[in-house]
Amino acid sequence: MHEKALYYCKKGLKIFQENDILARQDFCATCITEAYLGLGDKSSAFDALVFENAIKDSIAEKSSIGALENVKSEFQIRSNAEKDSIAFAYQAQLNQAKIEKQNSRNLFLFIGLGLTLIFSLFILNRFRITRRQKFIIEDQKREVARQHSELKETHKEITDSITYAKRIQKAILPPSDTVANILGQAFALYEPKDVVAGGFYFVTKKNDDIFFAVADCTGHGVPGAMVSVVCNNALNRSVNEFKLLDPAKIRDQTRDLVIEEFQRSNEEVKDGMDIALCKINGRKLNFAGAHNPLWIIRDGQIIEVNGDKQPIGNFHASTPFTNHEMEVISGDIIYLFSDGYCDQFGSESTSAEAIGGMRKGKKLKRKNMRRIFLEAATLPITQQHDFLLKTFKKWMGNYAQLDDVCVMGVKVD
């Protein structure tokens, strides 16, 4: 605003100087001084003030001279009026010229006042527009704040719901002490991708038969967690309600229950789970798998038993699951796992012994996972959980976790 005032005042001063209008020059000089002060330019304001005082002095001097000239003129007119009519006529013309000059001065004065008025109206209009825009912006800020508050409350409700769902899901998982009491030397590594997970592990005992499993349901997060509840319930019913003891038959019954549960809806649901299920009694081990395999590490070697190439759920070519029977010996380590571990993308920032020659941005894959598990098997069972988790985290680095991770390890006494 001060820059525009300075511009118009300087322009008016130039006009009044060209027409020798000292009074308006004084007004413009005063405005220029105030404009520089408003801009904080004290040096220019001082120069303008000196100029302003010079104009005031000129006005005062000219006023005194003008008064004296008027007296002399009047005296001269009266003295010579009767003597010389020509001089009288000349004086009349001179007075007429002065009147015309004064009219010109008045015209420029009106122009200056008009410019000042226009500038003032412009400033007032800009002030009104700025004020109106300020009100609009304040209203928008209040609306944004209201929407942010609503989103924050909605987020809190969703977060609270998911946190509660996590508690429910955690309640269906056997606690660590239960795993140890039933299986002895064992661990369960459970690392969800999100707050809730689509995978779970299962441990129960019926008479002398001990059942343990690792399951990986379709999806992860909230949808995966919902599927896991259905599948976990079906697995529990197969063992406890239907009292099945054969892992393959348990798999068949679980599949029927899952399909039955999902067929209650009019929507076609193709969700289900992959699972590795074991039953151990003494040295006798029974295994049935849906996609997921069984690993037994013995004398530094991996014995791999693959599951059937079909899921627990609606499948176009479902067949009865295969039951694998084998003998285990003391010192064997049994591993069950989901594919979240080997499918993880990662970097080279992990031990060369465990993951030698791997490239950044690639999946861990089964081949490298074998190296890791063989190294883990050399450690006491109580240290294997932390070793596998630490190695997984190092491999993952700055990459996001791709899927839920679930691993169970059992050492045969």
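The values are calculated or read from the model by the stated rules, or taken from the named source; none is laboratory data. These numbers were taken from a predicted model, which means no experiment stands behind them. Methodologically, a virtual Cβ is constructed for each residue, glycine included, from the backbone with ideal geometry; neighbour enumeration extends over all protein chains shown. Ligands, DNA and RNA are stripped out before the accessible areas are found, and what is left, the full protein with its side chains, is counted by its heavy atoms. Shrake-Rupley method; radii C 1.70, N 1.55, O 1.52, S 1.80 Å.
Here the dipole of the chain is about 800 debye; that uses its Cα centre as origin and unit charges on the Cβ of Lys and Arg (positive) and Asp and Glu (negative). Taken one residue at a time, the phi angles of segment 116-124 give Karplus couplings (6.51, -1.76, 1.60, θ = phi - 60°) of 4, 5, 4, 4, 4, 5, 4, 4, 4 Hz. Gly and Pro are set to x.
Local charge sum around R126 (other residues, Cβ-Cβ under 13 Å, Lys/Arg +1, Asp/Glu -1)? Mind showing how you got there, number by number?
Working: positive: K4, R128, R131, R132, K134; negative: E3.
Here the charged neighbours net out to +4.
Please list F108, F16 from largest to smallest accessible area, probe radius 1.4 Å, with all protein chains kept in place. Before the final figure, lay out each step's value.
Details: F108 55, F16 5 Å².
These residues rank, largest area first, as F108, F16.
Based on Cα contacts under 8 Å between residues 6+ apart, the chain shows a relative contact order of 13 percent. In the chain, the DSSP-assigned H stretches of four residues or longer account for a calculated mean residue ellipticity at 222 nm of -20000 deg cm²/dmol, using -39500 (n - 2.57) per stretch and the full residue count as denominator. Once fully extended, how much extra length lies between K166 and N398, figured as 0.36 nm per residue of separation less the alpha-carbon to alpha-carbon distance? Full-extension gain reported as 81.0 nm. Would you mind computing, in nm to one decimal, how far apart the modelled labels at K270 and K101 are, each placed 7 Å from Cα along Cα→Cβ? If labels sit at K270 and K101, their model points lie 10.4 nm apart. Given R₀ = 45 Å, what would the calculated FRET efficiency be for N314 paired with E143, taking r from the Cβ atoms and rounding to 0.05? So, using R0 = 45 Å, E works out to roughly 0.40.
Once fully extended, how much extra length lies between Q133 and Y7, figured as 0.36 nm per residue of separation less the alpha-carbon to alpha-carbon distance? Each step should come with its number before you reach the end.
Values: separation 126, 0.36 × 126 = 45.36 nm, distance 2.60 nm.
Full-extension gain reported as 42.8 nm.
Protein heavy-atom accessible surface, 1.4 Å probe, per residue over the chain: 59 Å².
Computed over protein heavy atoms with a 1.4 Å probe, the carbon and sulfur contribution to the accessible area of the chain reaches 55%.
Counting only DSSP beta bridges whose two residues both lie in segment 247-339, roughly 95 percent are antiparallel. Relative to one another, the C-alpha centroids of segment 192-256 and segment 282-337 are positioned 15 Å apart.
Classify segment 359-399: rounded, prolate or oblate, from the alpha-carbon gyration tensor (a ≥ b ≥ c, eigenvalue square roots; a/c under 1.5 rounded; otherwise prolate if a/b is larger than b/c)?
Values: a/c = 3.82, a/b = 1.61, b/c = 2.38.
It comes out oblate by the Cα gyration axes.
Semi-axes of the equivalent ellipsoid of the chain: what are they in whole Å, largest first, if each equals the square root of 5 times a C-alpha gyration tensor eigenvalue? Write down the numbers at each step before the final one.
On the way: eigenvalues 2166, 117, 50 Å².
Largest first, the chain gives 104, 24, 16 Å.
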